[in-house]
Structures are given as structure tokens and as C-alpha cells.
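Presented below is the structure to which this report refers.
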Amino acid sequence: MQLVVARIGRAHGIKGEVTVEVRTDEPELRLGPGAVLFTDPATAGPLTIETGRVHSGRLLLRFEGVRDRTGAEALRNTLLIAEVDPTEMPEEEDEYYDHQLIDLDVVLADGTEVGRIIEISHLPSQDLFIVECPDGSELMIPFVGEIVTEIDLEEQRAVIDPPPGLIDDRAEIVSTRDESDEDAGEGSAEKTGEVSGEKSGEETA
């Protein structure tokens, strides 16, 4: 299967190097010298990585046949795509590739449905599952052992044990607003309907 592993940014210097926005947990494997990558748009590639180095915290790549700033700038915003064996697993235990986690069902230990993983967000401090709930709202679930207790690829599910407030904030907000409305003597039934029918945005732990 094909996976996007990076996006080319602006040119760096005058010898054909480009900055790269990395979209893989294994840049040393996917973006190492000699790697041949497909591109989007397809007309820009395939590209073969000639050299790579880190400069000021950013990965810089040079591709075979690209020797000047003009050629490098022409590649800007191009996506780099690697061919990956779908059965391949990371070397470290309890690690997974993003494509193995996308679309997993997220459930509580008792089987209660929470939603479906639609995206993995890689932050400096931790990874997050972006989970789409049945009502269309989204949750952010930290991918840490204390919360994500099991990943079952055969059953296509992720079991979570969320701390208080992680997935039930919306219910608490509705309850709080209901109490405020009652205290103010307003029509709480109508307002409760309006609040509970809204879709919440992204929530953080």
C-alpha cells in the first residue's frame, strides 16, 4: 500500500536542497539516501533521495537530478509517497504504523462504542487519536498505556479506559447549562434541546 511520508517545503540554499515536513515515525527508514518515492502530483516523480541532513531541527533532502534552487522550488508542496507492505510492523513492541490504527473502532472495556479513529496526531509530547463519535463530533484520545489499554488489530478495535472528563465533558456542560437556566427561570426544556443537539468541537484531555 502507498502512504504519504512527507511534504516538500521551500528550497534551502542554491544547490537543490529542500525542507521537508515529515509525516512518518520512521524518517530514517522512509526518507534515507537511496529511497525511491512516488509523488503527488505524479508528474513530479518518482524521486530518488540523494542526501539528507538535519538543519535547525528541520530535515533537508536533495534528490537526484535536482541541482539548483529553481529545480528545488518547482517541487514545493509535492507529497512524497512510499510503498509499504501492509503486513509490516514496527521493530519496537507495542508500536504501530498510522495506517494500522486508522479506522479502528474505539470502545470502552465493557464494549460501549465511543467512535472510530480517523486520524493520528503526532505532537512533540505524545500521539493523539482523533476519534469521530457516532453523532459526528470528535474527541482527542492520548495514545498512552494508561488510557489505551489494548490494540487488537484482528478485531479492529482499540480499548480505552478514559479518566473522568475525557469523553463525558459534553454531558457535564449540558447539565451545567440546564441548572443555570432553571436558576434564571428560563425555558430550560427548549434550551436543553438546543444544547444537546449541537456537535462539540475537538476536546482535549
>> Could you list, ordered by first residue, the pairs with Cβ atoms under 9 Å in which the first is in the range 1-17 and farther than 16 Å from ASN77 by Cβ and the second is open to solvent by less than 40 Å² (accessible area, probe 1.4 Å) and among the polar types (S, T, N, Q), at least 6 apart or interchain?
In response: LEU3/THR24
> For residues in the range 96-118 being of a type in the set (D, E, K, R) and assigned to a strand (DSSP E or B), which is surrounded by the most Cβ atoms within 10 Å (Cβ to Cβ)?
Replying inline: ARG116
>> Criterion first (over 20 Å from ASP25 (Cα atoms) and either in contact with a Phe, Trp or Tyr (Cβ under 9 Å, 6 or more places away or on another chain) or part of a strand (DSSP E or B) (or both)) does ALA72 satisfy it?
In response: yes
> Is it the case that some residue within the range 48-63 is assigned to a loop (DSSP other than H, G, I, E, B), open to solvent by less than 70 Å² (accessible area, probe 1.4 Å) and touching a residue at least 24 places away in the same chain (Cβ under 8 Å)?
Replying inline: no
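One line per residue, one yes/no per condition, for (1) touching a Phe, Trp or Tyr at 6+ places or on another chain (Cβ under 8 Å); (2) of a type in the set (Gly, Ala, Ser); (3) under 21 Å from ASP25 (Cα atoms):
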residue: PRO124; (1), (2), (3): no, no, yes
residue: GLU132; (1), (2), (3): no, no, no
residue: SER137; (1), (2), (3): no, yes, no
residue: MET140; (1), (2), (3): yes, no, yes
residue: VAL148; (1), (2), (3): yes, no, yes
residue: ILE151; (1), (2), (3): yes, no, yes
residue: GLU155; (1), (2), (3): no, no, no
residue: VAL159; (1), (2), (3): no, no, no
residue: PRO162; (1), (2), (3): no, no, no
> Given the residues THR43, THR48, which is the only one that is at pLDDT 95 or above and among the polar types (S, T, N, Q)?
Replying inline: THR48
> Name the residues in the range 5-47 that are assigned to a loop (DSSP other than H, G, I, E, B) and either closer than 13 Å to ARG67 by Cα or among the hydrophobic types (A, V, I, L, M, F, W, C) (or both), would you?
Replying inline: GLY13, ILE14, LYS15, GLY16, LEU31, ALA35
> With (1) closer than 30 Å to GLU17 by Cα; (2) at pLDDT below 90; (3) touching a Phe, Trp or Tyr at 6+ places or on another chain (Cβ under 8 Å) as the list, and ASP98 as the residue in question, which single condition is left unmet?
Replying inline: (3)
> If you check VAL5, VAL20, which single one turns out to be buried (at least 18 other Cβ atoms within 10 Å of the Cβ) and either modelled with pLDDT of 95 or more or closer than 18 Å to TYR96 by Cα (or both)?
Replying inline: VAL5
>> List pairs: first residue in the range 24-44 and in contact (Cβ under 8 Å) with a residue 40 or more places away in the chain and open to solvent by 30 Å² or more (accessible area, probe 1.4 Å), second residue among the acidic types (Asp, Glu) and outside any strand (DSSP E or B) anywhere in the structure, Cβ distance under 8 angstrom, at least six positions apart or on different chains.
In response: ASP25/GLU95; ASP25/ASP98
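The values are calculated or read from the model by the stated rules, or taken from the named source; none is laboratory data. Small disclaimer: the values here were computed from a predicted structure and weren't measured. Note: ideal-geometry Cβ built from the backbone for every residue, glycine included; neighbour counts use all protein chains shown. Ligands, DNA and RNA are stripped out before the accessible areas are found, and what is left, the full protein with its side chains, is counted by its heavy atoms. Shrake-Rupley method; radii C 1.70, N 1.55, O 1.52, S 1.80 Å.
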